[in-house]
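The values are calculated or read from the model by the stated rules, or taken from the named source; none is laboratory data. All values derive from a computational prediction rather than experimental measurement. Every residue, glycine among them, receives a Cβ derived from its backbone with ideal geometry; neighbour counts consider all protein chains shown.
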Amino acid sequence: MDALLLRSLQGYVRDTFGLPVWQAVCRRAGLTVETFEPMLRYEPGTADRVAQVAADVLGRSVEAVWEDMGTHLVTNPRHQGVRRLLRFGGIGFTDFLHTLEELPGRTRLAVTEIDLPDLQLDELGPDRFEIRCQSRVSGLVRVLVGILTAMADDYGTLCVIETDDQTRILVRVLDSFHNTARRFDLASPGG
Amino acid sequence: MSAGCISVNISIGGETLARFMPMHLLLDGEGRIVAAGPTLQRVLGGKSALGARFEDVFEVRSPGGATTVAEVLDRAAHRFRLTLRNRARVGLRGVGQRLSESGLILLNLSFGIDLIAAVGEFGLTDADFAATDLAMELLFMAEANASVTRELRGLNLRLEGARVAAEEEALTDPLTGLRNRRAADLWLERLCATETPFGLLNLDLDYFKQVNDSLGHPAGDFVLETVGRVLREQSRAEDCAARIGGDEFVVILPGRTDPDVLASIAARIIARLREPIPFEGQACLISASVGIVRSVDFPHPDAAEMLAAADRALYAAKHAGRGQARLLGADGV
């Protein structure tokens, strides 16, 4: 999990703030490399540590860094992969929320190596959901908040997404047809 | 029917049928299309397919020999495979049943493994598949797989780049930028193994110790750097110029075995190295002795033998007076 998050953090900081900022983060974190490989393994805890350094360098809270990174993962126009994979989750945003529980299983099916943390969705009432997520990486819930925010936008759904601790996210869907959803073709644009 | 199935006759409305089986097909006793599920209708090009004969729309791939829907039902033990006559790329598979009451034939079709092609070809969306269909999972898998493969390809390229750089570093003498001893050995081994004829110059600096002793190591290092530049300038891209010891160098020249050519290259290098090398207001004066050997003088040249012979040639050159070059054959002459 650390490898995927570190790679995403690297992409987010480089795309948004430029290579010199990322290099500064690497130096301050005492890293021997400047490139993280998503398919390699890194010492557990590295992702949280590097994210904290990035937050210090950028002068923001680490929670904000993780959240923005989650949004960047979905909205970054350079690679559509994450957004596309998530859009396979359903026709609408609530449909998508309901398939979140299946996401770790789907991912494991595709790549056994990738062990996403278990996600649990509870419907608290009409259009009110609670998502619980247990992960070793403390920033993961914030990443998920960023991803959910971007996906709600992608589906054209107006909702309030809140989190109060490191395991729980509350989603209130206010308007499922607030905006036109972004177009999604099942067929991959790459052919 | 297998055990466990309770025999209950139910009637099912067209809308429910469309939702449960969006790719079903109903045919009359003659094999004419009466109705099609919404997704299949899209695949068949709309309502125009209604009334068409089964065999005009589909080509039967299995069971072999069947053409009409009646033949398909009679011969197919478990399932049948079809292709569309107008879109040969997309295959379909299905099951069928005669409905006793109405006399209609019900087929339920699916894309099977051609799903990915079909989605692109017909612009299907997740609403086109039954809620129980694993189509989304299959598409998810295919894309996730493609992403991972792309990522791995990137990783391989990055690792390969790092490997080439590390290799380059391992074969280079950092002071002069020439190849090092290990690189020279590898070159000689490769040329010997492939029986490529080559010439070999073994070069030793004269008076280098004096420069080091009188002007200091920085002057010595500067002289070595200058030698590196001279050797690079005097050799071709396909040659290998290497520093193999403190003030000892070799130049390996593939394809060059003419004694006169080799001697003139050696003479040119010596002449260049005799030019005074200015260093911080002082002139460093050195020269070089060169031993020359040719692979063609040895019946079965190998790297160690060639280097030893070049060393003997160098010794002979030093003996003959400094600033000289000597060619040595296998017989030691």
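Odds and ends about this structure:
- Residue among B:Gly112, B:Gly51 that alone is over 30 Å from A:Phe88 (Cβ atoms) and surrounded by fewer than 17 Cβ atoms within 10 Å (Cβ to Cβ): B:Gly51
- Residue match in the stretch A:35-45 (condition: touching a Leu at 6+ places or on another chain (Cβ under 9 Å), charged (D, E, K, R) and assigned to a helix (DSSP H, G or I)): no
- Selection of the stretch A:1-22 for residues being over 19 Å from A:Arg136 (Cβ atoms), more than 14 Å from every other protein chain (Cβ to nearest Cβ), touching a residue at least 40 places away in the same chain (Cβ under 8 Å) and of a type outside the set (Asp, Glu) yields A:Tyr12, A:Val13, A:Thr16, A:Phe17.
- Matching helices (runs of 4 or more DSSP H) fully within the stretch A:51-130 where at least 1 residues are aromatic (Phe, Trp, Tyr): A:62-75, A:93-98
- Test for A:Leu9: is it under 17 Å from the mean Cα position of the chain (by Cα) and either hydrophobic (A, V, I, L, M, F, W, C) or not in a helix (DSSP H, G or I) (or both): yes
- From A:Arg132, A:Arg136, A:Arg108, residue being over 21 Å from B:Ala127 (Cβ atoms), within 14 Å of chain B (Cβ to nearest Cβ) and surrounded by fewer than 19 Cβ atoms within 10 Å (Cβ to Cβ): A:Arg108
- Residue among B:Gly291, B:Gly323 that alone is surrounded by fewer than 21 Cβ atoms within 10 Å (Cβ to Cβ) and touching a strand residue (DSSP E or B) at 6+ places or on another chain (Cβ under 6 Å): B:Gly323
- Condition check for B:Gly281: more than 40 Å from the chain's Cα centre (by Cα), of a type outside the set (A, V, I, L, M, F, W, C) and surrounded by fewer than 16 Cβ atoms within 10 Å (Cβ to Cβ): yes
- Residues of the stretch B:191-234 that turn out to be under 16 Å from B:Glu248 (Cβ atoms) and outside any helix (DSSP H, G or I), as a count: 8
- Scanning the stretch A:147-191 for residues that are away from chain B (no Cβ under 14 Å), hydroxyl-bearing (Ser, Thr, Tyr) and part of a loop (DSSP other than H, G, I, E, B) yields A:Thr157, A:Thr167, A:Ser176, A:Thr180.
- Residue in the stretch A:74-82 that is farther than 24 Å from A:Arg136 by Cα, more than 13 Å from the chain's Cα centre (by Cα), within 14 Å of chain B (Cβ to nearest Cβ) and in contact (Cβ under 8 Å) with a residue 12 or more places away in the chain present: yes
- Options A:Glu63, A:Glu102; residue that is out of contact with any Pro (no Cβ under 9 Å at 6 or more places or on another chain) and within 14 Å of chain B (Cβ to nearest Cβ): A:Glu102
- When residues of the stretch B:149-166 are limited to those that are among the hydrophobic types (A, V, I, L, M, F, W, C) and either farther than 21 Å from A:Glu34 by Cα or within 7 Å of another protein chain (Cβ to nearest Cβ) (or both), the one surrounded by the fewest Cβ atoms within 10 Å (Cβ to Cβ): B:Leu152
- Flag for A:Leu144 being surrounded by 14 or more Cβ atoms within 10 Å (Cβ to Cβ), part of a helix (DSSP H, G or I), more than 10 Å from chain B (Cβ to nearest Cβ) and touching a residue at least 40 places away in the same chain (Cβ under 8 Å): yes
- Among the residues of the stretch A:162-185, those identified as farther than 30 Å from A:Ser135 by Cβ, surrounded by 11 or more Cβ atoms within 10 Å (Cβ to Cβ) and out of contact with any strand residue (DSSP E or B) (no Cβ under 8 Å at 6 or more places or on another chain) are A:Phe177, A:Asp185.
- B:Leu175 away from chain A (no Cβ under 14 Å), part of a loop (DSSP other than H, G, I, E, B), in contact with a strand residue (DSSP E or B) (Cβ under 9 Å, 6 or more places away or on another chain) and not polar (S, T, N, Q): yes
- A residue that is in contact (Cβ under 8 Å) with a residue 24 or more places away in the chain, over 24 Å from A:Val160 (Cβ atoms) and among the polar types (S, T, N, Q) occurs nowhere in the stretch A:23-31.
- For B:Arg182: the one exception among (1) part of a helix (DSSP H, G or I); (2) more than 9 Å from chain A (Cβ to nearest Cβ); (3) buried (at least 20 other Cβ atoms within 10 Å of the Cβ): (3)
- Within the stretch B:128-170, the set of residues being closer than 22 Å to A:Ile91 by Cα, out of contact with any helix residue (DSSP H, G or I) (no Cβ under 7 Å at 6 or more places or on another chain) and of a type in the set (A, V, I, L, M) comprises B:Ala131, B:Leu134.
- When the stretch B:165-182 is filtered for residues that are in contact (Cβ under 8 Å) with a residue 12 or more places away in the chain, more than 18 Å from B:Arg229 (Cβ to Cβ) and not basic (Lys, Arg), the ones remaining, listed by number, are B:Ala170, B:Leu171.
- Residue count, the stretch B:76-98 (criterion: at pLDDT below 85, exposed (fewer than 14 other Cβ atoms within 10 Å of the Cβ) and over 18 Å from B:Ala49 (Cα atoms)): 3
- Within the stretch B:242-266, no residue satisfies the criterion of being surrounded by 13 or more Cβ atoms within 10 Å (Cβ to Cβ) and over 20 Å from B:Leu307 (Cα atoms).
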